[in-house]
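Engineer: Attaching a single structure in structure tokens format; questions to follow.
No value in this document is a laboratory result; all are computed from the given coordinates. Nothing here was measured: the structure is a model prediction, and the numbers come from that model. As a convention, Cβ positions derive from the backbone with ideal geometry for all residues, glycine included, and neighbour counts pool all protein chains shown.
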Protein chains: 2
Amino acid sequence: MGEPYYKYHVFFCTNERDDGSACCANHDARVVRDYAKAKIKELAISGKGSVRINLAGCLDRCDEGPVLVIYPEGTWYTYVDQEDIDEIIESHIKKGIKVERLLI
Amino acid sequence: MGEPYYKYHVFFCTNERDDGSACCANHDARVVRDYAKAKIKELAISGKGSVRINLAGCLDRCDEGPVLVIYPEGTWYTYVDQEDIDEIIESHIKKGIKVERLLI
């Protein structure tokens, strides 16, 4: 398959079950995701061969949430606020260094 | 990180841009995804260590759509109907054999 289509394909759990009910506390996943997406765009590292930020449905790890997963490597993070997202982008995505304290 | 949380984490592109507009023809991604999800449940291969089916936003490969991606391996497929989904489940997910004709 060669190089992955996206080097970092990030999926934010929206914390919503199929029936629309919350599967854990509402953590404003959409707001944080929009923030991440804007930042990646600002850094000009979005698109093929680079970074893609997506919202997914419920990733079913609610008890550890809010969560996001970075594929293809399969790294799972939790986060509290935008500062955590900043750290994931600055360390993991820009330098390839995992943010240990946020790993789940 | 050890074994991936999900052996096969499948994301269906919903073919919707952030503003809600269609980014390609409406391919009933939700219907097909619901079908896949029900089938995985019926086969009792859903959950941790096994298979998870999610809907994502636009995966931004619309010109090749409708598409789905299977992580962590990063295999991208297009599909036309439920028969294609059956083949992906039977071959790729159950036997680990890629469906060459549907690869993108």
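Engineer: Relative to the Cα centre, what is the charge dipole magnitude of region A:54-104, using +1 at the beta carbon of each Lys and Arg, -1 at the beta carbon of each Asp and Glu, and rounding to the nearest 20 debye?
Structural biologist: Around 240 debye, computed over region A:54-104.
Engineer: Between copies, how close do the A:R30 label points come, placed 7 Å along Cα→Cβ, listed in nm from shortest?
Structural biologist: 1.4
Engineer: Rank these for me by crowding, B:V10, B:V99, going from fewest to most other beta carbons within 10 Å.
Structural biologist: Values: B:V10 26, B:V99 16.
Result, fewest neighbours first: B:V99, B:V10.
Engineer: Kindly put B:V69, B:V80 in sequence by how many other C-beta atoms sit within 10 Å of each C-beta, fewest to most. Numbers along the way, then the final one.
Structural biologist: Details: B:V69 25, B:V80 11.
In order of increasing Cβ crowding within 10 Å: B:V80, B:V69.
Engineer: Test of understanding: what is the full-extension gain from B:K98 to B:C62, defined as 0.36 nm times their sequence separation minus their Cα-Cα distance?
Structural biologist: On the way: separation 36, 0.36 × 36 = 12.96 nm, distance 2.15 nm.
Computed gain between B:K98 and B:C62 is 10.8 nm.
Engineer: Relative contact order for chain A using alpha-carbon pairs under 8 Å, separation at least 6, rounded to a whole percent?
Structural biologist: Reported relative contact order: 32 percent.
Engineer: Here is a further query. List the lysines whose alpha-carbon lies under 27 Å from that of A:K39, not counting same-chain residues fewer than 8 positions away?
Structural biologist: A:K7, A:K48, A:K94, A:K95, A:K98
Engineer: Which distances, shortest first and in nm, link A:I97 to the matching position in the other copies, using label points set 7 Å out along Cα to C-beta?
Structural biologist: Those separations, rounded to one decimal, come out as 4.6 nm.
Engineer: Sticking with this structure for a sec: Only Lys, Arg, Asp and Glu count, each charged at its Cβ (+1, +1, -1, -1), so figure out the dipole size of the protein assembly as shown about its Cα centre, rounded to 20 debye.
Structural biologist: Working: 28 positive and 36 negative charges, 85 e Å.
Using only the charged Cβ atoms, the result is roughly 400 debye.
Engineer: Could I ask something else about it? Looking at the protein assembly as shown, what % of its DSSP beta bridges pair antiparallel, to the nearest 5? Can you show the working numbers first?
Structural biologist: Details: 21 of 35 bridges.
Antiparallel bridges: around 60 percent, rounded to the nearest 5.
Engineer: In chain B, what percentage of the DSSP-assigned beta bridges are antiparallel, given to the nearest 5? Intermediate values should be presented prior to the final figure.
Structural biologist: Numbers: 10 of 17 bridges.
Beta bridges within chain B, antiparallel portion: roughly 60 percent.
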